[in-house]
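Enquirer: Below: one structure in structure tokens.
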């Protein structure tokens, strides 16, 4: 048996049994040969059973039914070496949080997020800090491009809390980036809009910065910001 055969067998059993949820114990009972193969052959860089790899290859509806058994959380600790080992070949792929133009980079970003979130859930503060730093780079880009995420710009403490909550609650191997984006969009609806005073801030959802709208009145010599609507209209030619 190989991984592809194990996944096909597991999906066949899931289609037949139609459980409301399933876990590693459920697989052990209903598909013992699949469980035995996964236990022996499907391991992470740290030697743990890689259930994330297994569930990521299932059909989307089944991914949502996955309920991993609760891992006994250690007392909070720091171990950057463990982070390096766990990421393996993905250690040098962290740039995808700055720029992910293709599906390949998107998938790499999700795997890095998954690996670091699992370590964080086990108590590794180094993994949490590493992931938070990477997520901030990604969310900053969303703020500049997505009006429904922009509101978070005025709430850095709330954003930090929400990011930590997403890391703590991430359960199955769907796209971590999409999971986070939807969370920010929904939670951000209730945030009052806070104008940003920085001249580097973008004007509404355009490609223009506030500093681009600084003008000097030819009659009075007064330096001020142009009216956004008028300024935007005047630039659309």
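The values are calculated or read from the model by the stated rules, or taken from the named source; none is laboratory data. Note that this is a predicted model, so its numbers are computed, not measured. As a convention, Cβ positions derive from the backbone with ideal geometry for all residues, glycine included, and neighbour counts pool all protein chains shown.
Enquirer: Yes or no: residue 8 closer than 24 Å to residue 107 by Cβ, out of contact with any strand residue (DSSP E or B) (no Cβ under 9 Å at 6 or more places or on another chain) and without any contact (Cβ under 8 Å) to a residue 12 or more places away in the chain? Don't jump to the end; show me each part of the working.
Expert: On the way: closer than 24 Å to residue 107 by Cβ: yes; out of contact with any strand residue (DSSP E or B) (no Cβ under 9 Å at 6 or more places or on another chain): yes; without any contact (Cβ under 8 Å) to a residue 12 or more places away in the chain: yes.
Taking the combined requirement at face value, the residue satisfies it.
Enquirer: Consider region 117-140. How many of its residues are without any contact (Cβ under 8 Å) to a residue 40 or more places away in the chain and either crowded, with 17+ Cβ neighbours inside 10 Å or more than 15 Å from residue 80 (Cβ to Cβ) (or both)? Working first, answer last.
Expert: Filtering region 117-140 for residues without any contact (Cβ under 8 Å) to a residue 40 or more places away in the chain gives 119, 128-129, 131-133, 136, 140.
Still in the list and also either crowded, with 17+ Cβ neighbours inside 10 Å or more than 15 Å from residue 80 (Cβ to Cβ) (or both): 119, 128, 131, 136, 140.
Total satisfying the criteria: 5.
Enquirer: Mind checking whether some residue in region 75-82 is closer than 15 Å to residue 180 by Cβ and surrounded by 13 or more Cβ atoms within 10 Å (Cβ to Cβ)?
Expert: no
Enquirer: Also: May I ask you to say which residue of 78, 40, 18, 84 is under 19 Å from residue 123 (Cα atoms) and either touching a residue at least 12 places away in the same chain (Cβ under 8 Å) or not assigned by TED's automatic domain parsing to the domain that holds residue 131 (or both)?
Expert: 78
Enquirer: Continuing with the same structure: Could you tell me which residue of region 11-49 is nearest to the chain's Cα centre (by Cα), considering only residues that are buried (at least 19 other Cβ atoms within 10 Å of the Cβ) and under 26 Å from residue 116 (Cβ atoms)?
Expert: Residue satisfying both the conditions and the ranking: 22.
Enquirer: Return a yes/no flag: does region 119-128 have any residue that is within 13 Å of the chain's Cα centre (by Cα) and under 21 Å from residue 52 (Cα atoms).
Expert: Yes, region 119-128 contains a residue that is within 13 Å of the chain's Cα centre (by Cα) and under 21 Å from residue 52 (Cα atoms).
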